[in-house]
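A.B. asks: Below is the structure I would like to discuss, written out as structure tokens.
The values are calculated or read from the model by the stated rules, or taken from the named source; none is laboratory data. Since the structure is predicted, the reported quantities are computational estimates derived from the model, not experimental observations. Here Cβ is always computed from backbone atoms with ideal geometry, including for glycine, and neighbour counts include all displayed protein chains.
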Amino acid sequence: MGNILAVDDEEAILVMIQKILTRDGHMVTTISEPADVKQLNLCGFDLILLDVMMPGVDGYTLCKEIRSYVDCPILFLTAKAEESSLVSGLEAGADDYILKPFGKLELRARVSAHLRRDRREHTSRLTFSNSYFNLSGKQLIVGEVTVPLTKGEYQICEFLARSPGQVFSREQIYEKVFGYDGESNDSTISTHIKNIRLKLESLNYAPVKTVWGIGYKWEE
């Protein structure tokens with residue numbers, strides 16, 4: 001599962017991408033106005049699909065502007081097959097390109113390949129200013145203290161922390177952490193969150209925020 005951003009001024013393309021990739025279990029955010037991209041917390045995305053030809057700010061320019069603080073794979077969506085155009089995209093900071101029109105099998109394969117490669121290349125840590133996750137050991141460390149979380153509590157924390165700043169409902173958290181076949185219901189998420197907060201607040205750390213009427217997010 002990956003957290004994917006798709007940027008294209010064609011709504012039909014965005015709808016198609018979202019349908020294809022959500023069926024594979026990915027979370028997909030779509031943006032049709034390139035100027036809105038900078039308002040997002042781009043560090044929370046695992047992969048970005050970026051159209052080249054867009055009004056206002058083209059894909060090359062946008063890629064250069066965000067590449068300095070985004071280290072996830074960026075794949076250009078382009079109808080230009082000329083070598084010079086493809087080279088320009090790679091020089092702008094993209095990792096690969098997908099030629100339009102593309103089929104669902106190619107899109108799925110390219111996205112999956114880059115997500116696998118990116119995960120192999122990254123370390124097994126998810127680091128924040130006051131804490132880090134030991135992903136292989138399934139531990140959350142605050143300062144130098146390992147927080148005594150249960151399996152479920154840890155899974156909730158890691159899920160939220162992988163998309164910092166993004167708000168998730170109780171239903172979304174429950175489905176992603178415990179699955180559709182979980183033996184309880186989403187109301188248990190509130191109890192887990194309460195227990196998580198008690199343990200983290202004892203260490204003067206409170207990254208789990210409530211967005212009233214919507215859900216929860218991870219934000220230092």
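A.B. asks: May I ask you to list the residues in the stretch 127-149 that are among the aliphatic types (A, V, I, L, M) and at pLDDT below 85?
C.D. replies: Passing the criteria: only 135.
A.B. asks: I need a count of the residues in the stretch 120-131 that are assigned to a strand (DSSP E or B) and either of a type outside the set (Val, Ile, Thr) or surrounded by 16 or more Cβ atoms within 10 Å (Cβ to Cβ) (or both).
C.D. replies: Selection size over the stretch 120-131: 3.
A.B. asks: Next question, about the same structure. For the stretch 132-220, list the strands (runs of 3 or more DSSP E) that sit wholly inside it and hold at least 1 residues that are farther than 25 Å from residue 26 by Cβ and within 21 Å of the chain's Cα centre (by Cα); which are they?
C.D. replies: 139-142, 208-211
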